[in-house]
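Down below is the structure, laid out as structure tokens.
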Amino acid sequence: MKLRFTPLNFFTAFLVAVAAYVFINGAGIAGKPLEHWGATIGWIFLLFAFVVFVIDIMFRNFFIETKRIWMVETFFIILVVVIFLLVK
């Protein structure tokens, strides 16, 4: 099996790191700590990481070439960011 790094791999690792940080240090919004919501927010980040992991596997099954996977996943990330900013 060939090991290929893709943008969604990096994003999954980032989400897992953020979840670990939230589990260890707790969560806070605008300097105010959220005492009872830290674990819930950590689980939400882990759920997002799992969803991104599954999407990455789906893209790997559809596209064989690493270059094409990078292009498609980068465009997917850009699309998600644009939709997030439009909804926000």
Task: Residues of region 59-77 that turn out to be loosely packed, with under 11 Cβ neighbours inside 10 Å and among the hydrophobic types (A, V, I, L, M, F, W, C), as a count - done: 2
TODO: Please go through region 51-88 and pick out each residue that is of a type in the set (D, E, K, R) and under 13 Å from the mean Cα position of the chain (by Cα).
DONE: D56, E73
Open item on the list: Quick check on my filter: what residues within region 4-59 are outside any helix (DSSP H, G or I) and closer than 26 Å to L79 by Cβ?
Closed with: R4, F5, T6
Task: Residues that are under 13 Å from the mean Cα position of the chain (by Cα) and crowded, with 16+ Cβ neighbours inside 10 Å, drawn from region 18-43 - done: V18, A19, G42
Task: Residue list for region 27-84, restricted to those being aliphatic (A, V, I, L, M), farther than 27 Å from R4 by Cα and in contact (Cβ under 8 Å) with a residue 12 or more places away in the chain - done: A27, A39, I41
- [ ] Looking at (1) without any contact (Cβ under 8 Å) to a residue 60 or more places away in the chain; (2) exposed (fewer than 13 other Cβ atoms within 10 Å of the Cβ); (3) among the charged types (D, E, K, R), find the lone condition where R4 falls short.
- [x] (1)
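All of the numbers you see were taken from the coordinates with simple rules; none came from a lab. Here the structure is a predicted model, which means the values were calculated and not measured. Please note: Cβ atoms are built from the backbone with ideal geometry, for glycine as well, and neighbour counts cover all protein chains shown.
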